[in-house]
Amino acid sequence: MNKKTIMLSKEKETKNTIRYREETEGQPPVVQTIYIQKWFTGSPAPEKIRVTIEPLS
């Protein structure tokens, strides 16, 4: 597995979380959606986030 950075856009707000959907740019999604707790995102929650996935070993 190689290191991969993906961009996600705010899709939906639930009672305690913000749901972000991956911007795929014509490729299959890597994570598709991510839920982040509102206490962590702060207010207002960012419209876009960046997530980096990389192996530890």
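The values are calculated or read from the model by the stated rules, or taken from the named source; none is laboratory data. Quantities reported herein were computed from a predicted structural model and do not represent experimental measurements. Because the Cβ atoms are built from the backbone with ideal geometry, glycine has one as well, and the counts that use them run over all protein chains shown.
Among the candidates 4, 15, 48, the residue that is of a type in the set (Lys, Arg) and surrounded by 11 or more Cβ atoms within 10 Å (Cβ to Cβ) is uniquely 4. Checked against (1) charged (D, E, K, R); (2) within 13 Å of the chain's Cα centre (by Cα); (3) assigned to a loop (DSSP other than H, G, I, E, B), residue 25 passes all but a single condition, namely (2).
Residue 9: at pLDDT below 95 and either loosely packed, with under 13 Cβ neighbours inside 10 Å or within 10 Å of the chain's Cα centre (by Cα) (or both), yes or no? No: the conditions fail for residue 9. Of all the criteria given as (1) β-branched (Val, Ile, Thr); (2) in contact with a strand residue (DSSP E or B) (Cβ under 8 Å, 6 or more places away or on another chain); (3) outside any strand (DSSP E or B), the one not satisfied by residue 34 is (3). Just one of (1) charged (D, E, K, R); (2) loosely packed, with under 13 Cβ neighbours inside 10 Å; (3) in contact with a strand residue (DSSP E or B) (Cβ under 8 Å, 6 or more places away or on another chain) fails for residue 25. It is (3). Note on the range 27-57: among residues that are touching a residue at least 40 places away in the same chain (Cβ under 8 Å) and of a type in the set (A, V, I, L, M), the one that is farthest from residue 4 (Cα to Cα) is 49. Residue count for the range 1-22 satisfying the condition of being outside any strand (DSSP E or B) and under 20 Å from residue 55 (Cβ atoms): 3.
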